[in-house]
Amino acid sequence: MAAGVAVAAYGTFFAMPWRMLPIPAAIGMLAHASRWGMISLAGASVETGALTACLLVGIIITPIADRLRLPFAALAFASVVSLIPGVYLFRMAGGLVDLVTLGQKASADVLLNTIADGTTAMLIILAMAIGLILPRMCIEYFYPGLAVETHGKTTVFQNR
């Protein structure tokens, strides 16, 4: 439920029309549940959980966005905003501040923990990007009839 609230808050903050909010909120809750299922039930890492959740979102959002002629990026990112690795980014930032503050007196553990948190955050963000974009690219590649050129510049998706 908290993921749905985060999605609705994000969408509202960025002026997403109220009629659009239920779609990313429902998909965001499903994505968050699948991430936690992968981590707690399957024993996957947080990076793998984020990748799986974003693949699921990409697969679900692509046909919905095309069918309803809604912006894919807005729906997809709003659906996974609750997966952003804020804890790892804040811990990395705190570690960087500790390294600057302590200077030569900083222990190796502070450096290693800072690198580990930064690397984890980067891998989660990379997994999210790949997970959202890969299904979209595959669907466009394997079903090229969905996209048609108009005005020689933009791609518009047909409503089937």
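Any read-out appearing in this document is the output of simple, stated calculations on the displayed coordinates, not a laboratory observation. None of these values were measured; they are calculated from a predicted model. We place every Cβ from the backbone using ideal geometry, glycine too, and count neighbours over all the protein chains shown.
List of remarks:
- Region 29-86: relative contact order in percent, alpha carbon pairs under 8 Å with at least 6 residues between: 35 percent
- Relative contact order computed over region 7-125 (Cα-Cα under 8 Å; 6+ residues apart), in percent: 26 percent
- Cα long-axis angle, helix 108-142 against the chain (0 to 90 degrees, to the nearest 10): 10 degrees
- Modelled spin labels at residue 41 and residue 107, positioned 7 Å past Cα toward Cβ, are 3.9 nm from each other.
- Sorting the segments 37-46, 7-16, 53-62 by their mean number of nearby beta carbons within 10 angstrom, highest to lowest, gives 53-62, 7-16, 37-46.
- The stretch between residue 90 and residue 67, if pulled fully straight at 0.36 nm per residue, gains 4.4 nm over its current Cα-Cα span.
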